[in-house]
Amino acid sequence: MNIVGAGRNVGRVVVAAAVATALCGAPVVTAAPVADAPATGASVADNGSYDGAGRAFLTSDLAELDADGALTVLGRADDVINTGGRKVLPQDVERAIDRSLMLRGLVRTSVVVGVPDPEWGQRVEALVTLEEGTDPAEASALVRSALRTTEVPAHMIPKRVHVVEELPLLGIGKVDRAAARRLAEG
């Protein structure tokens with residue numbers, strides 16, 4: 001895999017676009033800075049961020065490039081929560097919940113979503129499933145308290161935590177974020 005534009009975008013969050021080339025059949029990835037990225041569904045070539053050697057499509061994946069040219073996928077651009085002008089990658093909060101020693105044996109799974117908020121644009125909220133014996137009435141306080149003991153910034157800590165029996169899943173087994181967002185809003 002070749003990464004076009006890697007040198008000038010090291011350390012920046014970028015939109016990754018997969019490119020299938022007719023010439024060599026190998027995938028190429030362009031790294032367009034988020035501010036310069038074309039609209040979803042647009043050709044990367046239309047934006048000038050790909051050299052035009054093949055057809056491109058924007059995947060809407062957010063990624064970060066390191067100095068060695070490794071591309072780390074951070075999540076989907078459409079999953080990013082904008083709360084009070086700050087960007088929150090839900091996967092970062094979910095990882096913090098998963099890794100919290102205070103929550104081991106209490107929280108089974110989690111998903112973090114943004115719900116509309118008239119003051120902040122979006123509000124960070126979490127849906128969690130609990131391990132047997134965890135008191136649902138204490139779940140919100142437990143999760144928020146545990147995250148305060150981590151390096152998660154205050155704006156990323158869920159304002160509300162919803163306890164659900166199961167997280168909504170897509171047919172392929174991934175969490176259905178749109179359905180989770182609707183549950184949080186309801």
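Near A179, once Lys and Arg are set to +1 and Asp and Glu to -1 for all other residues with Cβ below 13 Å from its Cβ, the sum equals +1. Packing around the peptides 173-183, 153-163, 104-114, 131-141, taken as the average count of other Cβ atoms within 10 Å per residue, puts them in this order, highest first: 104-114, 153-163, 173-183, 131-141. Residues of segment 115-129 with backbone nitrogen within less than 19 Å of a virtual label 7 Å along the Cα-to-Cβ line of D92, please, listed as ranges. Within reach of a label on D92, which here means backbone N under 19 Å from a point 7 Å along Cα→Cβ, segment 115-129 contributes 115, 120-127. Under the criterion of Cα pairs below 8 Å and six or more residues apart, the relative contact order for segment 80-185 equals 28 percent. In terms of other Cβ atoms within 10 Å, E125, E151 run from fewest to most in the order E151, E125. Counting only other residues whose beta carbon sits under 13 Å from that of R99, what net charge do I get with K and R as +1, D and E as -1? Value of the local net charge: -2.
Can you bin segment 80-185 into rounded, prolate or oblate? Criterion: square roots of the alpha carbon gyration tensor eigenvalues sorted a ≥ b ≥ c, rounded for a/c under 1.5, prolate for a/b above b/c, oblate for the rest. Taking the square roots of the gyration eigenvalues as a ≥ b ≥ c, segment 80-185 is oblate.
Every number here is computed from the coordinates shown, using simple stated rules; none is lab data. The structure displayed is predicted, hence computed values, not measured ones. Every residue, glycine as well, gets a Cβ built from its backbone with ideal geometry; the counts of neighbours run over all protein chains shown.
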